[in-house]
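The values are calculated or read from the model by the stated rules, or taken from the named source; none is laboratory data. Since we're looking at a predicted model, the values are computed, not measured. Here the Cβ is made from the backbone with ideal geometry for all residues, glycine too, and neighbour counts use every protein chain on show. All accessible areas refer to the heavy atoms of the entire protein, side chains included, with ligands and DNA or RNA removed. Shrake-Rupley method; radii C 1.70, N 1.55, O 1.52, S 1.80 Å.
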Amino acid sequence: MPRIALATYDPGAEPAKDSDLPVLVRALTDAGAEAEARHWDDPDADWGAYDLVVIRSTWDYSWRAEEFAAWVERVGAVTRLANPPAVVRWNSDKRYLGELAAAGVPTVPTRYIAPGEPADLPDGHEYVIKPTSGAGARFAARYTPAEQETAVRQLARMHAEGFTAMVQPYVRNIDVSGERALQFFGGGLLHASRKGAVLSSGTPYDADKVAHPDLEPWQPTDEELAVAEKALTAVPGAPGLLYARVDLVDGEDGQPRVMELELVEPNLFLFLHPASLPRVTEAILAAAATA
């Protein structure tokens, strides 16, 4: 009977946001595993007692990046962690987009502004600012060239908190064709979803956003699959991946580009794709068996 921990966050007094978690724990238990959800920062957790620890919904990790990175290394040293520590470390900083672009993967053009560097912002088109370490559109905002004063204030706030900013053109096709999330699990495509634009014009960078507006099932095109698979091939240590989500948008040329590659704690959207639950369960059990 394999022992499996699904690492999540501690919601405190608030309801937990991962509605898939109890469903997945129950499916693994019904399949013969000893499975449970554990808060990643639980001081009493004996991570070495598990055959496999799957990072599922550690959705507060970007607020506590150094603490989380240390936890990943500790857990990876005593048991099998999915995804592997090296992959998590690489993917936790969105400067990986530059590496993907250098490898020939179509990506959304991205520049980086680290603390201490001048606020070199676009003046001819709408753009987006967000941190290289973040989740759920935290500290992300959309600006026109006329709003540079506000954008500079956002950069100052981010830099004061130690964040490096990433600056991208606002991809206008997201308002037409949305953002597509291609979910991979156990080495193959699991399912795909599409959502609307997260960032509305004029929404403050420190306001709460709806992370997945108008989410719906999606049938990926051959072009989308090709770009997603090329991105996964370019990941250092990619053969060790248990799961991955590739978020795509259409560029000015109408062709798909990688907006984000989520290898740490992607929402699986099983509530939208319940038929995927058996495949996820089987893949986790297989990973535990080879630990």
In segment 18-28, which residues are loosely packed, with under 15 Cβ neighbours inside 10 Å and either touching a strand residue (DSSP E or B) at 6+ places or on another chain (Cβ under 9 Å) or under 15 Å from Ala288 (Cα atoms) (or both)?
Pro22, Arg26
When segment 191-229 is examined, which residues are found to be assigned to a strand (DSSP E or B), in contact with a Phe, Trp or Tyr (Cβ under 6 Å, 6 or more places away or on another chain) and in contact (Cβ under 8 Å) with a residue 60 or more places away in the chain?
Ser193
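Is it the case that segment 41-54 has a residue that's outside any helix (DSSP H, G or I), open to solvent by less than 60 Å² (accessible area, probe 1.4 Å), within 28 Å of Leu272 (Cα to Cα) and free of Cβ contacts under 8 Å to residues at least 60 places away in the same chain? I'd like the intermediate steps shown before the answer.
Let us first name the residues in segment 41-54 that are outside any helix (DSSP H, G or I), namely 41-46, 50-54.
With open to solvent by less than 60 Å² (accessible area, probe 1.4 Å) added as a condition, the list becomes 41-42, 45, 50, 52-54.
Still in the list and also within 28 Å of Leu272 (Cα to Cα): 52-54.
Imposing the further condition that a residue be free of Cβ contacts under 8 Å to residues at least 60 places away in the same chain reduces the set to 53.
Checked segment 41-54: at least one residue is outside any helix (DSSP H, G or I), open to solvent by less than 60 Å² (accessible area, probe 1.4 Å), within 28 Å of Leu272 (Cα to Cα) and free of Cβ contacts under 8 Å to residues at least 60 places away in the same chain.
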Of Tyr61, Tyr96, the only residue that is at pLDDT below 95, under 18 Å from the mean Cα position of the chain (by Cα), under 28 Å from Val249 (Cβ atoms) and surrounded by 15 or more Cβ atoms within 10 Å (Cβ to Cβ) is Tyr61
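State all residues of segment 102-119 that are touching a residue at least 12 places away in the same chain (Cβ under 8 Å), more than 18 Å from Leu199 (Cα to Cα) and open to solvent by 30 Å² or more (accessible area, probe 1.4 Å); if no residue qualifies, say none.
Quick first cut of segment 102-119, residues touching a residue at least 12 places away in the same chain (Cβ under 8 Å) only: 103-116, 119.
Filter again for more than 18 Å from Leu199 (Cα to Cα), leaving 103-107, 111-116, 119.
Ala103, Gly104, Pro106, Arg111, Tyr112, Pro115, Gly116, Ala119 - these are the residues of segment 102-119 that are touching a residue at least 12 places away in the same chain (Cβ under 8 Å), more than 18 Å from Leu199 (Cα to Cα) and open to solvent by 30 Å² or more (accessible area, probe 1.4 Å).
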Go through (1) in contact with an Asp or Glu (Cβ under 7 Å, 6 or more places away or on another chain); (2) buried (at least 19 other Cβ atoms within 10 Å of the Cβ); (3) small (Gly, Ala, Ser) for Gly178 and report which single condition fails.
(1)
